[in-house]
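Working notes, beginning with the structure itself.
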Amino acid sequence: MSKPLVSVVVIGRNEGQRLAACLQSVKSTNNFGGELELIYVDSDSKDGSPELAERLGAKVLRVKPQRPSAALGRNAGWRASTGSYLLFLDGDTLLHPDFIDAALRAINSPEIAVVWGHRRETYPEHSWYNRALDLDWIYPAGVSEFCGGDALMRRDVLEQVGGFSEDLIAGEEPELCQRIRAQGKIILHIDQPMTRHDLAMTRFKAYWKRALRAGHAYAEVSQRMKATAFPLWVNDCRRNALHTTVLLMLLVGASALSLISHDLWPYLGLLLSYAFLILRSAYKARWKSSSPVTLLLYGLHSHFQQIPIACGQVSYWYHRFKNQQQGLIEYK
């Protein structure tokens with residue numbers, strides 16, 4: 001067998017049948033002019049995922065770290081691979097059959113190191129959370145600052161920068177992209193369907209923990225990158241702190257006025273203020289969806305998520321002050 005052109009590295013933990021669907025989607029990809037290598041990296045699953053992947057023809061690697069992370073699994077996968085290009089996927093995604101071909105066509109210059117496309121939710125109708133968070137995946141096509149967990153990368157560039165940072169429990173892809181950009185390389189987002197994602201979010205607790213993890217990633221990655229040429233998320237951390245302060249101060253102010261006036265009218269003003277912010281965000285996101293209900297949910301999400309994100313930032317600083325490592329924050 002000739003050397004593969006593309007090695008697909010899938011990471012997962014207890015994904016069950018979603019993993020089977022993911023691996024089948026990779027095997028069903030359309031011809032892209034080369035051989036494909038399929039690798040599955042399992043993070044100590046208890047549901048038989050490694051055996052399932054082996055039956056489906058994937059090369060299986062098992063990692064059992066004390067502090068699991070997506071970065072560790074991805075590094076194990078690409079370092080065991082042989083392809084000139086690496087396509088990284090999460091085990092709860094479905095690969096579009098034409099993406100590899102489109103990505104290889106787009107990565108037609110040595111300056112382009114990473115290519116990614118559109119990730120969307122498979123079942124946005126299954127919950128309000130899925131419906132709102134589906135719009136979070138939508139970015140305009142063109143040169144971008146970073147990619148997510150699904151992306152095609154040049155092997156030589158990964159080797160040059162040393163791969164993913166395994167001490168990060170979240171935000172490892174954006175952090176990697178800044179080190180790649182520091183080498184004068186380009187992260188390119190193409191207008192092409194890439195993956196369908198199964199968020200499977202039906203509970204508020206999962207929604208909160210997901211945003212909490214994002215806050216931790218913002219804080220940790222911004223501290224790591226603040227003195228570099230690409231200080232990713234430094235301003236985002238400040239905006240989140242300001243945004244959360246404004247939201248909470250509006251609530252505190254309305255409560256204080258209500259106590260002083262012995263009336264509930266300040267809460268009406270509070271609701272109107274929040275409604276204005278939600279409608280404003282929904283209007284600004286109108287290019288992402290034509291559904292008014294979806295846009296309203298997204299507007300609500302855009303503001304409410306700031307609170308758990310801020311809590312995630314505080315948690316990062318608390319653990320740093322205590323000289324402790326934050327464990328993996330799982331929301332599924």
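The values are calculated or read from the model by the stated rules, or taken from the named source; none is laboratory data. Please read all numbers here as calculations on a predicted model, not as lab measurements. Cβ placement follows ideal geometry from the backbone for every residue including glycine, while neighbour counts extend to all protein chains displayed.
If the condition is being in a loop (DSSP other than H, G, I, E, B) and touching a helix residue (DSSP H, G or I) at 6+ places or on another chain (Cβ under 8 Å), then the stretch 183-202 contributes Gln183, Lys185, Asp198, Leu199, Ala200, Met201, Thr202. Among the candidates Ser81, Ser28, the residue that is more than 24 Å from Ile329 (Cβ to Cβ), in the same structural domain as Ile112 (by TED's automatic domain parsing), touching a residue at least 60 places away in the same chain (Cβ under 8 Å) and surrounded by fewer than 17 Cβ atoms within 10 Å (Cβ to Cβ) is uniquely Ser28. Note on the stretch 294-332: residues that are free of Cβ contacts under 8 Å to residues at least 12 places away in the same chain and either closer than 25 Å to Glu121 by Cβ or among the charged types (D, E, K, R) (or both) amount to 3.
Within the stretch 129-159, if we keep just the residues that are assigned to a loop (DSSP other than H, G, I, E, B) and touching a His at 6+ places or on another chain (Cβ under 6 Å), the residue that is surrounded by the most Cβ atoms within 10 Å (Cβ to Cβ) turns out to be Tyr139. Mind listing just one residue for me: the one in the stretch 204-222 that is aromatic (Phe, Trp, Tyr) and surrounded by fewer than 22 Cβ atoms within 10 Å (Cβ to Cβ) and, of those, nearest to Leu168 (Cα to Cα)? Ranking the candidates gives Trp208 first. Taking the numbered list (1) touching a residue at least 24 places away in the same chain (Cβ under 8 Å); (2) of a type outside the set (Val, Ile, Thr); (3) under 22 Å from Asp136 (Cβ atoms) in turn, Ser222 passes all entries but (1).
One residue alone among Met225, Met194, Met201 is crowded, with 19+ Cβ neighbours inside 10 Å, in contact with a Gly (Cβ under 9 Å, 6 or more places away or on another chain) and closer than 23 Å to Phe88 by Cβ, and that residue is Met194.
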